[in-house]
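The values are calculated or read from the model by the stated rules, or taken from the named source; none is laboratory data. This structure is a prediction, so every number in the text was calculated from the model and none was measured. So basically every Cβ, Gly included, is an ideal-geometry build from the backbone, and we count neighbours across all protein chains shown.
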Amino acid sequence: MRNTTLLIATLFFIGAAVAQPYAIGTRSLTFQDVLRDRNITCSVFYPATVAGADMPVADGSFPSIVIGHGFLIPVGPYGYLGEHYAAAGYIVLIPGTEGGFAPVHEEFGQDLAFVASAIQALDSDAGSPFFGHVDPSSALMGHSMGGGAAVLGAANNTGINAVVLMAPAETVPSAIAASALITAPTLVLAASEDCVTPIAQHAQPIYDANSAACKAFVNILGGGHCYFADGNFTCSIGEATCAGNFTITRAEQHSAVLDVTDLWLDHFLRGSDAALTAFADTLDSSSRFSSSFACLATNVGSVYDTSVVRAYWSNATGMIIVSASLPGDVVEVFDMTGKIVARELGNAEQLYVKVPGNTAVYLVRVQHKDRVDVLRVPAVP
């Protein structure tokens, strides 16, 4: 049975057209993290002028997606994601690090975060084939161990615009704890028959702890843990030991993953206003999922408060001023994508909150001990 909880404020965002399918280029890139003295080799899929290895990048500027692999699962089984998103106009990078029997989760999370920033740097590197082709928007994505590592990489990382987790696993250090430090919109995908990383111990607490203003939990009914990737002997053997009761095929699970992830990324990386509405409609109408979806947006038509707390834009300071917040209150400011751009502790006087100044409307959420106030603040020039 479908069990969808939809908690969404009205959406306000400027849409962007999605390109027609591109030819798929592939290449290998190695990034050097000098601070950690570490080389990170990635399989890269990208929109190309013609299909093939090391072909020129197609005209245009493309968002990037960095994908973390699962425990003992090589890069290859995630090639379907690389091909799909390269054809759709994304640059996809899949690091091959931490592929052995004793992976260091923290290092892997740092690898994912580093690659996300490193590909951005190539946009201004005249010697790179990606020179002038990398859009500023990027996402971290991951499966199982790679999902937990993506959480670690996205925590306290303001350079990430979206997170997609497929059957994420708890890690050391804790992905559950780190999830509370994520502000980027987060999509958590789970499979109801996953006996490798059971939902109650892994995906659900990671989702529950997540503090992003926009987040969704999608449970693919009848699906399995290893079905998030293409066939892999090691994963399949592990799953066979706990005998998941699958009622869908691997191809059907891939289709479910892509259907919802496409819309999530199209909105948060490309700014398509229609995509998030379609995402909500898909969850509400499809029998393939049970889901929950909570998303605050910045065109809330009314102010939910007690006529005590006030927030307004100060043109003189370029800051948001929050008045009558109390010691112990948590004041959070969200931009037009639902991403947290500032978090401060309240006081009994006026609180001046510095924001990036790159959006027309902000949403201020003040969490008190006994209630939550939400206020809409236009950034009036």
Inset, instruction - Residue by residue through the stretch 342-361, note down the ones that are within 28 Å of the chain's Cα centre (by Cα), surrounded by 13 or more Cβ atoms within 10 Å (Cβ to Cβ) and at pLDDT 80 or above. - result: Ala342, Arg343, Glu344, Val353, Lys354, Val355
Inset, instruction - Being at pLDDT 80 or above and either small (Gly, Ala, Ser) or not assigned by TED's automatic domain parsing to the domain that holds Glu344 (or both) is the filter here, so list the residues in the stretch 314-327 that pass it. - result: Ser314, Ala316, Gly318, Ser323
Legend entry - Residue list for the stretch 124-154, restricted to those being buried (at least 18 other Cβ atoms within 10 Å of the Cβ) and either free of Cβ contacts under 8 Å to residues at least 24 places away in the same chain or among the charged types (D, E, K, R) (or both): Asp135
Inset, instruction - Looking at (1) modelled with pLDDT under 95; (2) among the charged types (D, E, K, R); (3) under 19 Å from Ala294 (Cα atoms), find the lone condition where Asp259 falls short. - result: (1)
Inset, instruction - Within the stretch 198-218, track down each residue that is surrounded by 24 or more Cβ atoms within 10 Å (Cβ to Cβ), of a type in the set (Val, Ile, Thr) and over 20 Å from Leu269 (Cβ atoms). - result: Ile206
Inset, instruction - Find the helices (runs of 4 or more DSSP H) located wholly in the stretch 171-245 whose residues include 2 or more that are at pLDDT below 95, and list them. - result: 233-240
Inset, instruction - Considering every residue within the stretch 232-240, establish whether at least one is within 27 Å of Val196 (Cα to Cα) and buried (at least 23 other Cβ atoms within 10 Å of the Cβ). - result: yes
Legend entry - Long-range neighbours under 7 Å by Cβ, at least six apart or interchain, first residue in the same structural domain as Glu98 (by TED's automatic domain parsing) and polar (S, T, N, Q) within the stretch 109-123, second surrounded by 23 or more Cβ atoms within 10 Å (Cβ to Cβ) and part of a helix (DSSP H, G or I): Gln110/Gly153
Inset, instruction - Pick out the one residue from Thr97, Thr30, Thr26, Thr10 that is assigned to a loop (DSSP other than H, G, I, E, B), at pLDDT 95 or above and among the hydroxyl-bearing types (Ser, Thr, Tyr). - result: Thr97
Legend entry - Residue among Tyr46, Tyr80 that alone is under 14 Å from Met141 (Cβ atoms) and modelled with pLDDT of 95 or more: Tyr80
Inset, instruction - Among the residues of the stretch 78-108, write down those that are among the hydroxyl-bearing types (Ser, Thr, Tyr) and either farther than 19 Å from Met55 by Cβ or not assigned by TED's automatic domain parsing to the domain that holds Ser61 (or both). - result: Tyr78, Tyr80, Thr97
Inset, instruction - Could you please find all residues in the stretch 55-85 being in a helix (DSSP H, G or I) and of a type in the set (Ser, Thr, Tyr)? - result: Tyr78, Tyr80, Tyr85
